[in-house]
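Presented below is the structure to which this report refers.
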Amino acid sequence: MNARADEKGWRQLTIIHLSDMHFGKNHFFNPPAAGAATAERTLLWSISKDLQSGKFALRHDFSGLVPSEVSGPGGVPRTIFALTGDFNERCVQPEFEQSEAFLQGLCNMTVFGHQVGPADIFLIPGNHDLKYAEQTLADRWGKFILFYQDHNDRRMAQHGKPPLPLNSS
């Protein structure tokens with residue numbers, strides 16, 4: 001970044017985009033599929049292993065940090081996750097529970113020196129995360145909204161704010 005960007009307070013941001021996790025019965029890491037999950041071998045484990053090795057991408061110290069990029073403890077840029085659907089295969093509760101466990105695991109990771117928290121994870125639904133055939137908006141979006149609301153409550157708590165009320169009207 002140049003000196004002008006530094007004057008404006010701009011900061012470097014690392015975005016990790018994950019898409020199409022498809023948690024559910026046919027998920028790659030679920031038994032009896034090839035590569036069946038164990039306590040040590042899950043999608044979260046695999047992603048964590050790759051991120052911690054850093055061998056798949058340019059590391060932050062590849063070009064060195066400039067002052068405008070320093071934004072966190074130890075001078076490392078903030079890392080965020082953009083999780084875009086599909087989280088699930090069929091938009092059923094057990095799949096949302098698997099997705100929730102995955103989110104909780106991400107919140108306990110350190111990636112590129114940055115401790116990931118709920119406020120670092122952004123969720124966008126995919127077509128498998130909604131029930132398009134349902135008649136009402138609430139029925140089409142309901143399961144994803146509850147999933148998102150749980151995550152958003154943790155995001156708010158991370159900043160010391162109370163959860164937002166869920167409007168049922």
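The values are calculated or read from the model by the stated rules, or taken from the named source; none is laboratory data. Computed from a predicted model, the values in this text were never measured in an experiment. In this analysis, Cβ positions are derived from the backbone assuming ideal geometry, glycine residues included, and neighbour counts consider all displayed protein chains.
Which condition number in (1) surrounded by fewer than 20 Cβ atoms within 10 Å (Cβ to Cβ); (2) at pLDDT 95 or above is the one that Cys107 fails?
(2)
Return the pair list, or none, for Cβ contacts closer than 8 Å from residues in the stretch 23-36 that are closer than 21 Å to His128 by Cα and modelled with pLDDT of 75 or more to residues that are assigned to a loop (DSSP other than H, G, I, E, B) and acidic (Asp, Glu), at least 6 apart or on different chains.
Phe23/Glu89; Gly24/Glu89; Lys25/Glu89; Asn26/Glu89; His27/Glu89
Restricting the stretch 70-93 to residues that are of a type outside the set (A, V, I, L, M, F, W, C) and under 17 Å from Leu130 (Cβ atoms), which is modelled with the lowest pLDDT?
Residues of the stretch 70-93 of a type outside the set (A, V, I, L, M, F, W, C): 71-75, 77-79, 84-86, 88-90, 93.
Now narrow it down to the ones that are under 17 Å from Leu130 (Cβ atoms): 84-86, 88-90, 93.
Values: Thr84: 96, Gly85: 91, Asp86: 96, Asn88: 95, Glu89: 95, Arg90: 95, Gln93: 94.
So, considering only residues that are of a type outside the set (A, V, I, L, M, F, W, C) and under 17 Å from Leu130 (Cβ atoms), the one modelled with the lowest pLDDT is Gly85.
Scan the stretch 135-153 and tell me whether some residue there is crowded, with 17+ Cβ neighbours inside 10 Å, assigned to a strand (DSSP E or B) and modelled with pLDDT under 95.
The answer is no, given that none of the residues of the stretch 135-153 is crowded, with 17+ Cβ neighbours inside 10 Å, assigned to a strand (DSSP E or B) and modelled with pLDDT under 95.
Considering (1) in a loop (DSSP other than H, G, I, E, B); (2) farther than 20 Å from Met21 by Cβ, say which one Asn108 fails and leave the rest.
(2)
Among the residues of the stretch 111-127, count how many are crowded, with 19+ Cβ neighbours inside 10 Å and assigned to a helix (DSSP H, G or I).
2
Which number in (1) at pLDDT below 95; (2) in a helix (DSSP H, G or I); (3) in contact with a helix residue (DSSP H, G or I) (Cβ under 6 Å, 6 or more places away or on another chain) marks the one condition that Phe96 misses?
For Phe96, the exception is condition (1).
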